[in-house]
Amino acid sequence: MKEVRPTTGRVLLALFSILGSMCPPPEGGTFLDLFAGTGQVGIEALKRGASSVVMVEVLKARAADIERALPPGRGDDAVVLSLELRRALSWLTRRERVFDVVFADPPYNEGWGATLLREKNLIGVLKQEGILVVEHASKEDLFVPETWSLVDVRSYGGSALTFLKRGNVSPRGSI
C-alpha cells in the first residue's frame, strides 16, 4: 500500500480558519474530500458541523479505515467512495451532487498539479459560490486554467494550500 501523507495539524487548522473567512462556514455546508487518505480532513469537516461529507479514497483498505474512524452518530452524514478520482467525479456528477467546499490533497510531485484542475467533472461538483482547495507541495507548480479563479495561496513549510473559485478573473498560468 502506498504511504499516506496526512495533512499536518498546522495546515488543517489553517485550512478551516481560512475557509471560515472565505465561504459559508462548515456548519450546515457540504464538503468533498478528494484523495482522502486517512479521512482526517473530511472527518474534521464533520466535527465542525458539515451537514454532508463525501470522502474519496481509491484504496479499499484505506476507505474501510475511514469508515471505521467516522465520529459516532455521524455515519449517516458521511459517504466514503473507494473509486479512482475520475470515476468518483463522474459518479457524483451523475447524481447531481454539488459541494460548498471541495478539498483535494493529491500525492505530491506526481504530476497532479498540472492535471487536476483540468478534470472535466471537477468544476461541476462545486457549487456556484463554492471554494476549491488544493493542498500540494509548495515547490510544485499548480496550473490554473481559465475555468478557475485564483483566490489565495498560503504556504506552510513544504505544503501549500491554493484556494480557487469558478470563473476567470485571475491571471492564468502556473503558481
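The values are calculated or read from the model by the stated rules, or taken from the named source; none is laboratory data. If you're wondering where the values come from, they're calculated on a predicted model, not measured in any experiment. Note: ideal-geometry Cβ built from the backbone for every residue, glycine included; neighbour counts use all protein chains shown.
Remarks
- Filter pass, LYS120 being in a strand (DSSP E or B) and either among the charged types (D, E, K, R) or at pLDDT below 95 (or both): no
- Evaluation of PRO6 against the conditions (1) modelled with pLDDT under 90; (2) over 17 Å from PHE99 (Cβ atoms); (3) in contact with a helix residue (DSSP H, G or I) (Cβ under 8 Å, 6 or more places away or on another chain); (4) surrounded by 15 or more Cβ atoms within 10 Å (Cβ to Cβ) shows that the sole unmet condition is (4).
- One residue from SER149, SER155 being in contact with a Gly (Cβ under 6 Å, 6 or more places away or on another chain) and part of a strand (DSSP E or B): SER149
- Within segment 48-104, the residues that satisfy the criterion of being among the basic types (Lys, Arg) and closer than 25 Å to ARG118 by Cβ are ARG86, ARG87, ARG94, ARG95, ARG97.
- Number of the condition not met by PHE31 [criteria: (1) more than 11 Å from the chain's Cα centre (by Cα); (2) under 15 Å from ALA78 (Cα atoms); (3) at pLDDT 85 or above]: (1)
- Exactly one residue out of ARG87, ARG172, ARG166 is of a type in the set (D, E, K, R) and modelled with pLDDT of 95 or more: that is ARG87.
- Qualifying residues in segment 34-65 (those that are within 21 Å of TRP91 (Cα to Cα) and hydroxyl-bearing (Ser, Thr, Tyr)) - the one modelled with the lowest pLDDT: SER51
- In segment 99-108, residue modelled with the lowest pLDDT [restricted to those that are crowded, with 16+ Cβ neighbours inside 10 Å and part of a loop (DSSP other than H, G, I, E, B)]: TYR108
- Among residues of segment 66-83, those that are more than 12 Å from ILE43 (Cα to Cα) and either at pLDDT 95 or above or of a type in the set (D, E, K, R) (or both), counted: 4
- Within segment 148-170, the set of residues being farther than 14 Å from LEU12 by Cα, among the β-branched types (Val, Ile, Thr) and either within 17 Å of the chain's Cα centre (by Cα) or surrounded by 18 or more Cβ atoms within 10 Å (Cβ to Cβ) (or both) comprises VAL151, VAL153.
- For beta carbons closer than 7 Å, sequence separation of 6+ or different chains, a first residue in segment 58-75 that is loosely packed, with under 13 Cβ neighbours inside 10 Å and a second that is aliphatic (A, V, I, L, M) and part of a loop (DSSP other than H, G, I, E, B), the qualifying pairs are ALA61/MET1.
- Flag if GLY130 is under 18 Å from GLY42 (Cβ atoms) and part of a loop (DSSP other than H, G, I, E, B): no
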